[in-house]
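Inspection log for the structure reproduced underneath, given as structure tokens.
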Amino acid sequence: MTMEIVGYLERPELRESSRLYEVWPQFLLHDRTINVNFDKLFDDAPEFQFYALEGDELVAQANALPVAWDGVPQPGGVDWAFTDGLAGTATTLCAIQVMIDAQHRGRALSSVMLKHMCSLAGEHGLDCLIAPVRPTLKQRYALIPMERFAAWRRADGSLLDPWLRTHERLGAEVLAVAPESMRIEAPVADWEEWTGMSFPEDGEYIVDGGLVPVRFENGVGLYVEPNVWMRHPV
């Protein structure tokens, strides 16, 4: 069956029907900065939100946001894009997320979605596509600093992490680590609900899906996620 890319403006109902957010660990859906500002994607930049369909089946979703970027990688990553990145005239397109249905992974759909993002950036006169990339394998190495992990390469010279590698194969360059790309802070009870774990005392805990440990102190858990800034030419 032929895959079709459709924009949010063509199919606005897909925003409400999308179940693809299930691909993320539950705790990752509780970044306050993102949640407070998420509607800006659809209200202020609807032309940069799109979906991949096979017939009536939703197989992928991508979201991006035009930002004012001076070429300096920002430590805030995704959170920066929704706040300071919106201050000023947009120069650059920033990828927010690409979500692929679990049953359709391994088909290079992520590459298709990234290529379409780059095309949109060019069509709208933006200078490049930047992405605060969330490496898919980093959760297996939660104790390794992101700076080291992002530099790891396979014997063939390509980046070890498959999501970083996909970006690089499409022509992207690694710029820098965004050490505070996302921030989730919540009471212990919330973290226990999100993770199915118990946190009986203060300290650092590795949780499923976490790229770094969660630190608990005085009944509150704080997770600050590093991502990797990459830049795609347009």
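Just so it is clear, none of the values below were taken in a lab; they were calculated from the coordinates. Here the structure is a predicted model, which is why all the values come from computation and not from measurement. Virtual Cβ from ideal backbone geometry, glycine too; neighbours counted across all protein chains shown.
Taking the conditions exactly as written (over 14 Å from H30 (Cα atoms) and surrounded by fewer than 17 Cβ atoms within 10 Å (Cβ to Cβ)), does P179 satisfy them or not? Yes.
In region 30-136, counting only helices (runs of 4 or more DSSP H) that sit wholly within it, the ones holding 1 or more residues that are loosely packed, with under 15 Cβ neighbours inside 10 Å and of a type in the set (D, E) span 39-44, 109-123.
Of the residues that make up region 192-202, is at least one hydroxyl-bearing (S, T, Y), surrounded by fewer than 17 Cβ atoms within 10 Å (Cβ to Cβ) and within 22 Å of the chain's Cα centre (by Cα)?
Step one: list which residues in region 192-202 are hydroxyl-bearing (S, T, Y), which gives 195, 198.
After this cut, where a residue has to be surrounded by fewer than 17 Cβ atoms within 10 Å (Cβ to Cβ) as well, the list is 198.
Among the residues that remain, those that are also within 22 Å of the chain's Cα centre (by Cα) are: none.
Checked against the condition, which is being hydroxyl-bearing (S, T, Y), surrounded by fewer than 17 Cβ atoms within 10 Å (Cβ to Cβ) and within 22 Å of the chain's Cα centre (by Cα), region 192-202 yields no hits at all.
Scanning region 137-168 for residues that are touching a residue at least 12 places away in the same chain (Cβ under 8 Å), in a helix (DSSP H, G or I) and within 20 Å of M99 (Cα to Cα) turns up K138, Q139, P162, W163, L164, T166, H167, E168.
Which ones in region 134-179 are out of contact with any helix residue (DSSP H, G or I) (no Cβ under 6 Å at 6 or more places or on another chain) and β-branched (V, I, T)? If the condition is that a residue be out of contact with any helix residue (DSSP H, G or I) (no Cβ under 6 Å at 6 or more places or on another chain) and β-branched (V, I, T), then I144, V174 are the ones that fit. L222 meets all of the listed conditions (1) without any contact (Cβ under 8 Å) to a residue 40 or more places away in the chain; (2) in a helix (DSSP H, G or I); (3) in contact with an Asp or Glu (Cβ under 8 Å, 6 or more places away or on another chain) but one, namely (2). Could you tell me how many of the residues in region 169-186 are under 17 Å from V224 (Cβ atoms) and either not in a strand (DSSP E or B) or not polar (S, T, N, Q) (or both)? Number of matching residues: 10.
Within region 1-20, being outside any strand (DSSP E or B), surrounded by 12 or more Cβ atoms within 10 Å (Cβ to Cβ) and among the small types (G, A, S) holds for one residue alone: S18. Scanning region 172-209 for residues that are within 30 Å of L93 (Cα to Cα) and of a type in the set (A, V, I, L, M, F, W, C) yields a total of 8.
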